Amino acid sequence: MFSCANRKRAGISAKKEAPVNFLTDPLEGRSTLRPADILVFGWEGGKHACVDLTGVSPLVGLKDKGFVVGQAVLKAEAEASKVAKHDKACRENQHVFVPFAFDTFGGLAPDAVRLLNRVQKVVNSNSSSLKVSNFVFSRIGFSIQKGVAAQLVARLPAIAL
């Protein structure tokens, strides 16, 4: 979500791909050590937050079904699915679960917007510059664009010379 330098600039202590041992059900027969996409330390009431990043493309399934109005609702469904899967485990282990769902056209789910607004407030309170007003949202937008571009380039057919 943010580079290490940006998190420090914002005054937020976090770790990418932080291993936590309660996000996977041991009955699934696999390792219970699963990383949180981002672990934000001391996020809410002294509790750490496990942030789960989920990207959804409104273009998925266009080949089969064609475009359907409201297809971006997929991000809300993705967010609800993540909450159902991980929220209870986080609460039982004194953590907060924060789903961060977005679509590749730049739409953000409500919990993602709340998280970014809070991060933006921290950035604003730790900076005297007027340039930081939309810093967080512009960085997220850039990160989403960069990820989509990488996916598109990876799908390009190979050109034989």
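The values are calculated or read from the model by the stated rules, or taken from the named source; none is laboratory data. All values reported here derive from a predicted model rather than from experimental measurement. When we count neighbours, we look across all protein chains shown, and the Cβ atoms used for this are built from the backbone with ideal geometry, even at glycine.
Listed values, structure above:
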| item | result |
| --- | --- |
| Meets criteria (within 15 Å of the chain's Cα centre (by Cα), assigned to a helix (DSSP H, G or I), surrounded by fewer than 17 Cβ atoms within 10 Å (Cβ to Cβ) and modelled with pLDDT under 80) for ALA150 | no |
| Residue that is out of contact with any helix residue (DSSP H, G or I) (no Cβ under 9 Å at 6 or more places or on another chain), modelled with pLDDT under 75 and within 30 Å of LYS47 (Cβ to Cβ), where the choices are GLU77, GLU92 | GLU77 |
| Conditions (1) of a type outside the set (Val, Ile, Thr); (2) part of a helix (DSSP H, G or I); (3) modelled with pLDDT of 80 or more: number failed by PRO99 | (2) |
| Close pairs (9 angstrom Cβ cut-off, 6 or more residues apart or separate chains): acidic (Asp, Glu) in segment 93-106, assigned to a strand (DSSP E or B) anywhere | ASP103/GLY55; ASP103/VAL56 |
| Answer residue from segment 1-33, given it is surrounded by fewer than 15 Cβ atoms within 10 Å (Cβ to Cβ) and at pLDDT 65 or above and is nearest to ARG139 (Cα to Cα) among those | GLY11 |
